[in-house]
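Chemist: The structure under discussion is supplied below as structure tokens; questions concerning it will follow.
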């Protein structure tokens, strides 16, 4: 149930201290879906206690799996039946785009699948065409009708050469999970290179899949006849780590981010340094220290290893209170700028033209009621509240809960004046 909670933030606090980053939402959900490929019990550790994980748990339960989650240990056990169900209904899928990730495992394992077209964040059209075309290349009969993606492969799947028009993360993951049980060899050209895709690939390899080229634009998969359950630790969440890095810069703070991986955030951290911060590696993460107003930076979002679209709201918010003018270009999701309207309510000077946002920095924003439109926009607005004079209320907090476990508690531990109301 989506709660009517809001976050109430009193501006002016400098964030100082340590924060721990849990497992990546974008990885954990895909790993959970991939357990469908093997009968028996798989265990996934470092699974964040967030709303989307519980939605995926419910989806897998409806497909016949038995799931048990321990939030204290962040441990998920999933027991998959010999023949899982094959229909994922709209009431769950509409809440979370990652539900589409059951498409590949189910067509590979059961030979038929019906998944409602996904919902989730209002950030753009993220077409399902790449998924359908790729599955067709593998020999499935796939189509979209009455709000469902329907695919059948009564004779199984056969390896193929697939070339993606765009390095779509979701399509790469679905085609990889479909191809691991296909007859013969599959190559995916222009594959997504995100750390989450690599994490999923390593999970599949631990189940017995044969995959080469993870993290490169060409992934080669040699099909096997059967996969086995496995145990795997989710990689840490680079977007959450990046969120805390920008929080340190905006509030002229000093945050040590435990579990953050510098090698997954090279471009954003370069931008943070350009803005005037000092970034240093630690034994188990990195530290971001800022002692002056940031300098505005130009950014263009791109698929990995470029600047992540998921961190775009934070760089816009930082630029809104930075010294100077900047241009932020969105090349991945056309709807990402929806949250700019909310930021303007706090006094930000931003002009959007197509997929460009021109930002003129001002010393301080001013508190007002705003609403989250998606996970990252919501978190960006909370950080904007920290650098606003007076009180900011961010409504529709359930968006933020989908991606940030214990966000309010972490902020308070760093010295923020924030409460859930």
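The values are calculated or read from the model by the stated rules, or taken from the named source; none is laboratory data. Keep in mind that this is a model prediction, so the values were computed, not measured. For neighbour counting, all protein chains shown are included, and Cβ atoms are generated from backbone atoms with ideal geometry for every residue, glycine included.
Chemist: Considering the stretch 40-81 alone, what residues qualify as being under 20 Å from residue 258 (Cα atoms) and in contact (Cβ under 8 Å) with a residue 24 or more places away in the chain?
Modeler: Result: 45, 46, 47, 48, 49, 50, 73, 74, 75.
Chemist: Residues of the stretch 231-260 being under 23 Å from residue 406 (Cα atoms), in contact with a strand residue (DSSP E or B) (Cβ under 6 Å, 6 or more places away or on another chain) and surrounded by fewer than 20 Cβ atoms within 10 Å (Cβ to Cβ), which ones?
Modeler: Correct list: 233, 254, 258, 259.
Chemist: Out of 170, 242, 259, I need the residue that is in contact with a helix residue (DSSP H, G or I) (Cβ under 8 Å, 6 or more places away or on another chain) and at positive phi. Which one?
Modeler: Sole residue among the options that is in contact with a helix residue (DSSP H, G or I) (Cβ under 8 Å, 6 or more places away or on another chain) and at positive phi: 259.
Chemist: Can I ask one more? Quick check on residue 205: is it crowded, with 16+ Cβ neighbours inside 10 Å, assigned to a helix (DSSP H, G or I) and without any contact (Cβ under 8 Å) to a residue 24 or more places away in the chain?
Modeler: Answer is yes for this residue.
Chemist: If you take the residues of the stretch 138-164 that are out of contact with any helix residue (DSSP H, G or I) (no Cβ under 7 Å at 6 or more places or on another chain) and part of a loop (DSSP other than H, G, I, E, B), which of them is surrounded by the most Cβ atoms within 10 Å (Cβ to Cβ)?
Modeler: 139
Chemist: What number goes with the only condition from (1) over 24 Å from residue 334 (Cβ atoms); (2) touching a strand residue (DSSP E or B) at 6+ places or on another chain (Cβ under 8 Å); (3) buried (at least 24 other Cβ atoms within 10 Å of the Cβ) that residue 178 does not pass?
Modeler: Just one mismatch for residue 178, condition (2).
Chemist: So in the stretch 212-230, with the set limited to residues that are crowded, with 20+ Cβ neighbours inside 10 Å and touching a strand residue (DSSP E or B) at 6+ places or on another chain (Cβ under 7 Å), which one is nearest to residue 191 (Cα to Cα)?
Modeler: Residue satisfying both the conditions and the ranking: 219.
Chemist: Is it the case that the stretch 332-341 has a residue that's surrounded by 15 or more Cβ atoms within 10 Å (Cβ to Cβ) and either farther than 18 Å from residue 372 by Cβ or outside the structural domain of residue 11 (by TED's automatic domain parsing) (or both)?
Modeler: Yes, because at least one residue in the stretch 332-341 is surrounded by 15 or more Cβ atoms within 10 Å (Cβ to Cβ) and either farther than 18 Å from residue 372 by Cβ or outside the structural domain of residue 11 (by TED's automatic domain parsing) (or both).
Chemist: Let me ask something else. Give the residues of the stretch 353-411 that are out of contact with any helix residue (DSSP H, G or I) (no Cβ under 9 Å at 6 or more places or on another chain) and crowded, with 21+ Cβ neighbours inside 10 Å, sorted by residue number.
Modeler: The answer is 385, 388.
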